[in-house]
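S.K.: Handing you a structure now.
The values are calculated or read from the model by the stated rules, or taken from the named source; none is laboratory data. Worth saying up front: this structure is predicted, and the values here are computed from it rather than measured. Cβ: placed from backbone, ideal geometry, glycine included. Neighbour counts: every protein chain shown.
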Amino acid sequence: MKSILIKEGLLVNRGKTFTADLLIKKGRIERIAPSIHARADIEISAAGKWVLPGVIDDQVHFR
């Protein structure tokens, strides 16, 4: 399973919004921090975008 590093995303925890990096390894969140300097198989820039692990978008329209 590939590791994923999501950079500069907007996260919410306990009602507070903050910008942080999120490192995923073996399908699980390994670390959340203001800045993560780690190697990852995939790196995604999420600057200005919401990162909501575990949230399902139920506003889907199947035709």
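S.K.: State the number of residues belonging to the range 3-48 that are in a strand (DSSP E or B), exposed (fewer than 11 other Cβ atoms within 10 Å of the Cβ) and either of a type in the set (A, V, I, L, M, F, W, C) or in contact with a His (Cβ under 7 Å, 6 or more places away or on another chain) (or both).
M.R.: Matching residues across the range 3-48 total 1.
S.K.: Of all residues being among the charged types (D, E, K, R) and on the phi > 0 side of the Ramachandran plot in the range 5-59, which is modelled with the lowest pLDDT? Just the residue, please.
M.R.: Of the range 5-59, the ones among the charged types (D, E, K, R) are 7-8, 14, 16, 21, 25-26, 28, 30-31, 39, 41, 43, 49, 57-58.
Now narrow it down to the ones that are on the phi > 0 side of the Ramachandran plot: 8, 14, 26.
Details: E8: 98, R14: 84, K26: 94.
Checking each candidate, the answer is R14.
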